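The block underneath contains the structure these notes are about, expressed in structure tokens.
A short reminder: the numbers here are calculations on the coordinates, not readings from a lab. Just so it is clear, the model here is predicted, and its values are computed rather than measured. So basically every Cβ, Gly included, is an ideal-geometry build from the backbone, and we count neighbours across all protein chains shown.
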Amino acid sequence: MLRFLLKWLGFSVNSKETEEDLMKKFLIVGLGNIGLEYKNTRHNIGFKVLDHLVESEDLKFETQKLGDIATYKFKGRTFILLKPSTYMNLSGKALKYWMTKEKVPLENILVITDDLNIPFGTIRVKTKGSDGGHNGLKDIQDKLNTTKYNRFRFGISNSFSKGKQVNYVLGEWSEEENAALSERLDKSIEVIKSFGTAGVSNTMNTFNGK
């Protein structure tokens, strides 16, 4: 059934790839902006989570079309890790390209993004929702033509004064936040592994609010 749907949607399906193979493939998209000036900003937490996973597993990113790509194998699953090189407001272009190229089912996509509406470091995995004014999510919603895709929201809190939201989001982590980030990044890797092995519902039950 999945093979039929993929063909109907215009995917080129390799006959050697079984439906089971396709269901064990996951696209993990970390949102962020390219450039050293953005590297340690709150808005780049998606990049930071994937960087932490790649470093901890001694992997490497390769620059390819529309983004940097690394492949992580874990418990029979293949995780394709993507850091779009399109800048935040065109994130959907890179996601759609790699989703199509790798024939990843929509339910096997996880987008990692910052969230102003939850406390720093708090994890919230959701299967659908609005873009919340986030330009990266807005473009993904537009390119996928749906709000029903999995997202992993990493809380950055809203500790900014009126009119200072942009400076806060594009600002660097405080000393206190930096001190806590390592443990939060380790926890984020657990979320990604759980998403691929235990499923999104179990992942939400285990990690949301933690």
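Miscellaneous remarks
- Peptides 197-209, 91-103, 132-144, 40-52 ranked from most to least packed, by the mean per-residue count of other Cβ atoms within 10 Å: 40-52, 91-103, 132-144, 197-209.
- Using R0 = 25 Å, the C-beta based FRET efficiency linking Glu62 and Gln165 works out to 0.15.
- Packing, as the average of other Cβ atoms within 10 Å across residues, places the peptides 109-122, 61-74 in the order 109-122, 61-74, highest first.
- Here is how the number arises for the chain: DSSP H runs of 4 or more residues each give -39500 (n - 2.57), the sum is divided by the residue count, and the result at 222 nm is -11500 deg cm²/dmol.
- Region 94-173 shape via C-alpha gyration tensor axes, a/c threshold 1.5: prolate
- Annotation for Asn208 and Asp131: the two label points, set 7 Å from Cα along the Cα-Cβ direction, are 2.4 nm apart.
- Of interest is the spacing of the C-alpha centroids, which for region 111-153 and region 53-97 amounts to 17 Å.
- With both labels modelled 7 Å from their Cα along Cα-to-Cβ, the Asn40 to Met23 distance reads 4.5 nm.
- Ellipsoid fit via the Cα gyration tensor, region 28-109: semi-axes of 19, 16, 10 Å, each the root of five times an eigenvalue, largest first.
- Per residue, the convex hull around the alpha carbon atoms of the chain comes to 120 Å³.
- Rounded to 5, the percent of DSSP beta bridges in region 68-210 classed as antiparallel: 65
- With a Förster radius of 30 Å applied to the C-beta separation of Glu172 and Asn117, the computed FRET efficiency comes to 0.90.
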